[in-house]
Structure formats: structure tokens, C-alpha cells
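Report on one structure; see the data block that follows.
The values are calculated or read from the model by the stated rules, or taken from the named source; none is laboratory data. Predicted model, so just to flag it, every value in this text is computed and none were measured. Methodologically, a virtual Cβ is constructed for each residue, glycine included, from the backbone with ideal geometry; neighbour enumeration extends over all protein chains shown.
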Amino acid sequence: MTEEEQPAAPVPEPAPEGVTELAAEPEPAPGPTAEEIEAANNASVEADLHRRSRRGFIVAGVAAAAGLGSWKWLNSRPREGGMPWPYRRVLEFNERLSGAIFSPKRLSPTYDESRVTRPARINGGIGLTPNVDLENWRLNIEGATSLVTLTLDDIRALPRRELTTELRCIEGWNIIVHWTGALFSDLMEKYPPPQPVRYVSMETPGRGYYVGLDIASAQHPQTLLAYALNGEPLTWQHGAPLRLAIPVKYGVKNLKRIGTIRYTNVRPADYWAEQAYDWYCGH
């Protein structure tokens, strides 16, 4: 067959008028499987956790280094009253704040005698001796108009007061106690200083233990010179024959066996304040 005799290739018919001929769409590529999606999500979460953990570790490390450096700096400062001076300044600020809000009208809660804790807890024996001669005990008052020396009968001659309240220890425990004694304010009225004073100092015989009080706390209407506990005379462990009962202060201020009371305008020394405790110790 010659070239002229070969049949001609069929000519496609034109599309009807107004109809556009569309090209055939390619088949879509297959998408990721569920396993592949889960693996990608897990990888993303793991990377995010790794990034966060690394950042948190760095931040925690910087904070720890700063804290350690601050702690070392604070504890390397010169000491005042048994502690580095920055800590003492914090306690002094707390003291000023407590003093500013103190009011003689603010009383510690009182209780019915049925609530008394029995037996009364014994805590602290600094300055006490078991073989004290109570018959020859004397209370000296310094800074009054003249030097005063009193017996227990002199204290008992003051108006008798009774108070059932809470003794709170700075260590965290507390007991309810019934005290019998004389108001310190009554003693101070009978044996006053020649001029107004800011502080009162109290100490055991021989000054084995001593406390300092601001005058407002000392004259608080619940501050007693107590000679009986829960209806019985004080034992030597509880400070016989006379002790301080001051509910607006923690137990470390409730001096046992008072030997000397001193009026002063110079802030007096305090046993536990010298051991890095708060001088004021109010609550």
C-alpha cells in the first residue's frame, strides 16, 4: 500500500458549542496513614517537652544559684543578737509592726476552768534550782523611787486576780492554764518609778534567765505576777514562789521564779533574743 493509499487518522469531532472540554484529572497521591500521623504528633510533643524541660532546667539552675548566693551573703553578714544583721532587721520590723497595732483593750481569749490542761506541762528550767529556800525568797525592785525588797506575803497583799487563759509556746504547742496572782500594773502603781519608763526587765535570782518587756505589754490588764497554778501553789518546776504570766507574749517571756524587777529606759537584755529569737515575742 502506498503512502497515498493509507487511511487518514480519524479527526476528533469538535465539542458542541458552549461546552468546554476538560482535561482528565490526575489521580490524587495517597495521604499519610494513621500510624504516620500519630508518629509525627508524638515526635512534635517530644520535641516540645524536650525544649520546655531544657528551659525549665536552666531557669531552675539560675534560681538555685541565685538563692544559694543570697543565702551565703546573708549568713556572712556581721551578727547582731546571735544572728546576721539582715535577719535581725526583719525581726525588728515585725516588732515595730506589732507594737503599732498593740492595744491594752485587746485581750487574750479566756476559758472556763473546766478547759484547763491537766497536768500542766513543764517546759524549761533555765535559772531554776530544785532546792531553793522559798521561805527566804525576796523580790527586789530596782529603778523605783527607792530600792524595794518584798516577800511573797507582800505580793499576796495586792488585789488578788484570777485568769484562765492560754500559754503558747514559741515551739508551737499550747496549754490552758488557770493563774492566780497580782496584776503587774498594781505592783507598779504601788511601787512606781520616779519618771515614766519604756521597759521592764525581769530576771531569776542569780540572773540565770532574764527577759525584757516593753512597758505597754508589762502593764497589760492580763499580765500577772502569779503565785498559784490551777488552784495550787507553784511548784519549783513551774517557778515557785512567783513567776510572770503574760498571755500576750509567747512562753519564753513568762519568766519563772522572779528575783529582780527593774524599771529602765534602756532596752534590757533578753536571754532568748541573744540566742537569735525575736526580742518582742508577741502574738
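Only strands (runs of 3 or more DSSP E) whose full extent lies in the stretch 113-217 are considered here, and the ones with at least 2 residues that are more than 18 Å from residue 234 (Cα to Cα) are 139-142, 148-150, 199-203, 210-214. Of note, residue 90 satisfies the criterion of being over 30 Å from residue 164 (Cβ atoms), outside any loop (DSSP other than H, G, I, E, B), at pLDDT 70 or above and out of contact with any Phe, Trp or Tyr (no Cβ under 8 Å at 6 or more places or on another chain). Of all residues in the stretch 218-228, those that are assigned to a loop (DSSP other than H, G, I, E, B) and crowded, with 18+ Cβ neighbours inside 10 Å total 3. Quick check, is residue 201 of a type in the set (S, T, N, Q), out of contact with any helix residue (DSSP H, G or I) (no Cβ under 9 Å at 6 or more places or on another chain) and in contact (Cβ under 8 Å) with a residue 60 or more places away in the chain? In short, yes. The lone criterion from (1) surrounded by 10 or more Cβ atoms within 10 Å (Cβ to Cβ); (2) at pLDDT 75 or above; (3) among the polar types (S, T, N, Q) left unmet by residue 33 is number (1).
Among the residues making up the stretch 77-87, a single one is loosely packed, with under 15 Cβ neighbours inside 10 Å and modelled with pLDDT under 75: 85.
Here is the figure for the stretch 237-283: residues that are in a strand (DSSP E or B), under 16 Å from the mean Cα position of the chain (by Cα) and surrounded by fewer than 24 Cβ atoms within 10 Å (Cβ to Cβ) total 1.
If you go through the stretch 64-107 and keep only what is of a type in the set (Gly, Ala, Ser) and touching a residue at least 40 places away in the same chain (Cβ under 8 Å), you end up with 81, 82, 98, 99. Apart from one condition, residue 133 fits all of (1) among the charged types (D, E, K, R); (2) closer than 21 Å to residue 282 by Cα; (3) out of contact with any strand residue (DSSP E or B) (no Cβ under 7 Å at 6 or more places or on another chain); the exception is (2). For the stretch 93-112, a tally of residues being closer than 17 Å to residue 220 by Cα, assigned to a helix (DSSP H, G or I) and of a type in the set (Lys, Arg) returns 0.
Scanning the stretch 161-170 for residues that are at pLDDT 95 or above and over 27 Å from the mean Cα position of the chain (by Cα) turns up at least one hit. Of all residues assigned to the stretch 117-125, at least one qualifies as being closer than 21 Å to residue 268 by Cβ and surrounded by 14 or more Cβ atoms within 10 Å (Cβ to Cβ).
The number of residues in the stretch 138-158 being hydroxyl-bearing (Ser, Thr, Tyr) and either under 14 Å from residue 243 (Cα atoms) or at pLDDT 95 or above (or both) comes to 2.
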